[in-house]
Amino acid sequence: MRKYVPKDSVQKKAYYTDRFHVVPSTPREKVDSDPVYAEQLEALAAKVEVKSSRIELNCMVVEINHEDNFKALEVLKEECGYAVLTEMSAVDYLAKDGNFEVFYQMLNLKEVKRMRLVMRIEQGLAVESAVPLYKSANFAEREMFDMFGIVANNHPFMKRILMPDDWEGNPLLKTYPLHGDEFASWYEVDKIFGKDAREAIGPENRDEAKVERYDSKRFSRVGYEVPFGADVNAENETETAIEYSKTFLVDYNKGDTKQLKERK
Amino acid sequence: MQQPNKLSPFFENLNFERDDNTMVVNFGPQHPSAHGQLRLVLELDGEQVVKAYPDIGYLHRGIEKMAENMTYNEFLPTTDRLDYIASTSNNYAYALSVERLLGIEVPRRAQVIRTMLLELNRIISHLFFIATHALDVGAMSMFLYAFREREFAMDLMEDYCGARLTHSAVRIGGVPLDIPSDWLANMEKFCSNLEHELEHTYNALLQENRIWKMRLENVGVLSPEDALSWGCSGPMLRGSGIAYDIRKEEPYELYPELDFDVPVSDLNDSYGRYRLYMAEMTQSIRIIRQLMPMYGETEPQLMAHAPQYISAPKEEIMTQNYALMQHFVLVTQGMRPPKGEVYVPTESPKGELGFYIKSEGEPYAYRLKCRAPSFFHTGILQELLVGVYIADVVTIIGTTNIVFGEVDR
């Protein structure tokens with residue numbers, strides 16, 4: 001039987017985990033412990049429903065419903081002084097509970113505070129674009145769309161940004177393999193030579209560490225040297241004696257060495 | 001509209017039957033002033049830009065995807081390839097986020113060395129900026145002078161870690177090496193030399209240069225509101241009159257102990273930003289000068305003592321069995337940080353560089369997002385370029401100081 005490979009996450013996993021290993025958690029505090037954050041959270045909670053909140057490693061993390069994202073960002077910008085949207089993207093939790101986690105990393109320059117607005121969103125649903133409030137969301141949302149396939153509604157130019165426009169699949173999903181999928185291996189062949197040439201060229205090798213034993217054009221093996229481009233396979237490969245260059249070899253048996261009596 | 005067929009192919013840079021008579025021009029991705037792989041699609045009315053569309057992704061290597069498939073220590077050399085002009089600042093930003101996640105303290109000597117390397121990298125990056133920016137605008141001699149000094153700075157990096165471009169000079173938990181014996185003396189020589197050159201060559205060549213000023217003044221004007229809205233950071237933000245330097249405001253490493261100024265310009269244009277870069281180099285020299293005597297007062301320990309996460313020093317590994325066992329586990333399986341998420345901002349030469357790391361307690365990061373300043377600075381181009389003449393396009397690309405390793409990741 002073939003080895004079972006989980007389909008929901010093809011990322012690398014630890015090959016060994018100690019049964020008794022208890023994963024610790026980063027220190028988390030309540031938002032009340034910081035008066036500035038507490039005030040901001042109060043202002044936010046007055047307008048939108050706050051599902052959970054904490055302070056984790058100098059950063060307030062507030063979880064809201066995904067429908068409220070624009071309203072929450074508006075409150076944060078207008079009332080709480082978060083003038084900069086530093087970063088926004090998503091985390092793929094599809095394998096665990098069928099959701100994405102979208103986060104907005106914000107910065108308040110005046111009070112030097114950072115906070116992260118977090119929300120869960122199901123696959124296939126769209127978020128409301130933050131571009132009317134923060135122009136930095138323009139590129140960030142396009143990148144999120146490109147990498148995860150999460151659409152931002154009312155975005156001025158919702159288009160792929162890093163990958164080609166005609167690409168299939170979203171590279172940062174956990175189901176997407178590191179070296180690309182079937183589509184990726186044919187993409188350039190189809191694009192440059194056309195689909196008719198698939199048979200003649202073959203799929204692209206996207207694993208740059210791959211070594212093909214019988215490819216005599218790109219690889220050679222010590223002890224099994226053959227001419228460039230020779231047709232080799234398991235049947236006809238023969239061992240060749242390793243020939244060393246005589247130039248650098250010193251024959252110590254010839255007797256023309258002499259031992260010094262004292263240091264020069 | 002064009003109707004392409006086999007006899008009349010589609011011309012992508014020509015719109016034949018448009019009332020407004022604009023022309024679409026592809027700028028890049030292979031263009032000497034594109035600073036890497038920037039493709040700009042410009043719609044031109046005569047020589048004026050009507051619409052600009054920055055098209056990126058020509059250097060996309062999926063570094064965030066790679067981070068999910070590598071252990072934390074394995075990933076560190078990959079961060080060199082983000083902003084390849086100042087690799088140590090990437091290594092540092094990544095190492096710092098992991099250290100905050102682990103909650104470990106770095107020994108003081110490592111902190112001194114790290115801060116010195118960070119400032120040296122800032123100088124290297126700023127020299128590169130001055131050189132290429134001046135070359136784009138047309139001052140070729142400036143390029144040669146600034147690259148001469150940059151070579152000396154890279155020699156110092158080479159003396160420290162053996163690499164000139166992809167340093168990997170910072171490790172999670174400290175630094176791998178102590179500085180060589182004559183390094184500080186060479187550093188002092190470099191600093192005094194650069195100080196002299198800054199004043200007598202660079203400033204003398206550019207600061208009051210009539211052509212330089214005409215090309216840069218009132219070009220690429222970015223209002224403070226726009227700078228905030230577009231998520232600008234670093235010299236782009238301070239060039240718009242907002243004094244926010246992460247080294248000062250959210251201090252890390254030894255910066256709270258050091259005495260330095262944050263230059264700010266309220267000119268909002270390319271010339272103001274150029275002056276900022278020059279002033280920042282002077283401040284970096286000042287910081288390095290303060291760090292040099294600090295080095296002698298520190299204990300020789302270089303890596304943090306956290307056996308659960310970080311391998312013991314080489315001597316211990318070679319002499320003590322338990323240290324060897326732990327080293328073996330850490331190398332073959334990788335460290336397992338606590339469950340949680342962290343975002344740590346640092347002031348890289350280009351702006352705010354931060355790593356958001358989501359850990360599920362596995363040896364592989366569940367998600368790593370690299371907040372690269374250049375990515376957001378590229379976004380401004382679609383607004384900043386509208387209405388300018390095509391000759392100024394190159395100036396504006398230069399003044400944003402974008403590096404494509406970081407934009408595309």
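Each value in this text was obtained by applying a stated rule to the coordinates, not by laboratory testing. Not measured: the values here are computed from a predicted model. Here the Cβ positions follow ideal geometry from the backbone for every residue, glycine too, while neighbour counts run over all protein chains shown.
To the nearest 20 Debye, how big is the dipole of the range B:167-241 about its Cα centre, given +1 on the beta carbon of each Lys and Arg and -1 on that of each Asp and Glu?
That gives the range B:167-241 a dipole magnitude of about 220 debye.
Mind checking which of B:201, B:348, B:234 is farthest towards the positive end of chain B's charge dipole, using Cβ charges of +1 (Lys, Arg) and -1 (Asp, Glu) about the Cα centre?
Selected residue: B:348.
Out of B:387, A:109, A:173, whose Cα points farthest toward the positive end of the dipole of the protein assembly as shown (charges: +1 Lys, Arg; -1 Asp, Glu; placed on Cβ)?
So the residue furthest toward the plus end is A:173.
For the range B:34-141, rounded, prolate or oblate, judged on the Cα gyration tensor with a ≥ b ≥ c (square roots of eigenvalues), a/c < 1.5 rounded, else prolate if a/b > b/c?
Since a/c reaches 1.5 but b/c is at least a/b, the shape of the range B:34-141 is classed as oblate.
What share of Cα pairs, in percent, lie more than 45 angstrom apart in the protein assembly as shown? Walk me through the intermediate numbers first.
Working: 62073 of 226128 pairs.
When all Cα pairs of the protein assembly as shown are counted, 27 percent exceed 45 Å.
Where the centroid of each part is defined by its Cα atoms, how far is the range B:57-99 from the range B:357-404 in Å?
Rounded to whole Å, the Cα centres lie 16 Å apart.
If you average the C-alpha positions of the range B:142-158 and of the range A:119-170 separately, how far apart do those two centres end up, in angstrom?
41 Å
Helix-only mean residue ellipticity at 222 nm, chain A, DSSP H runs n ≥ 4 weighted -39,500 (n - 2.57), per residue, nearest 500. What is it? Present the calculation step by step, with values, prior to reporting the outcome.
On the way: 6 runs with 55 residues, N = 264.
Here the helix-only value at 222 nm equals -6000 deg cm²/dmol.
Convex hull over the Cα atoms of chain A, averaged projected area in nm²?
Computing the convex hull of the Cα atoms and averaging its projections yields 30.8 nm².
To the nearest 20 debye, what charge dipole does chain B have about its Cα centre, counting +1 at the Cβ of each Lys and Arg and -1 at the Cβ of each Asp and Glu?
Computed charge dipole of chain B: roughly 740 debye.
Ignore the peptide's own chain and count Cβ atoms of other chains within 10 Å of each Cβ in A:155-165; give me the average, rounded.
On the way: counts 0, 1, 2, 0, 2, 1, 9, 11, 3, 2, 2.
Going residue by residue through A:155-165 and averaging, the value is 3.
Roughly how tilted is helix A:35-47, in degrees to the nearest 10 and between 0 and 90, from the longest Cα axis of chain A?
The answer is roughly 70 degrees.
Placing unit charges on C-beta atoms (Lys and Arg positive, Asp and Glu negative, everything else neutral), compute the dipole magnitude of the protein assembly as shown about its Cα centre in debye, rounded to 20.
1420 debye
If you bin every alpha carbon distance in the range A:28-153 into 5 Å steps from zero, what whole percent lands in each bin?
In order of increasing distance, the bins hold 2, 11, 23, 25, 20, 12, 6, 1 percent.
Summarise the partner chain shielding of B:97-105 as one whole number: the mean count of Cβ atoms from other chains within 10 Å of each residue's Cβ.
Counting Cβ atoms of other protein chains within 10 Å of each residue's Cβ and averaging gives 1.
For chain B, what number results from the quotient of the Cα radius of gyration and 2.2 N^0.38 Å?
Its radius of gyration relative to the 2.2 N^0.38 Å reference: 1.07.
Could you tell me the center-to-center distance, by alpha carbons, between the range A:197-264 and the range B:215-252 in angstrom?
Centre-to-centre distance over Cα atoms comes out at 57 Å.
When you look at the Cβ of every residue in A:5-16, what mean number of other chain Cβ atoms sits within 10 Å?
Details: counts 0, 0, 0, 0, 1, 1, 7, 7, 4, 8, 3, 4.
Across the residues of A:5-16, the mean count of other-chain Cβ atoms within 10 Å is 3.
Please give the helix B:321-332 orientation as an angle from the longest Cα principal axis of chain B, in degrees from 0 to 90, rounded to the nearest 10.
20 degrees
For chain B, what's the relative contact order in percent, using C-alpha pairs closer than 8 Å and at least 6 residues apart?
25 percent
Say the cut-off is 28 Å between C-alpha atoms; which of A:12/B:339; A:135/B:369; A:113/B:369; A:159/B:350; A:110/B:339 go over it?
Listed pairs above 28 Å: A:110/B:339.
So what J values fall out for the range B:385-390 if you push phi through Karplus, 6.51 cos²θ - 1.76 cosθ + 1.60 with θ = phi - 60°, rounded to Hz, Gly and Pro as x?
7, 5, x, 8, 7, 5
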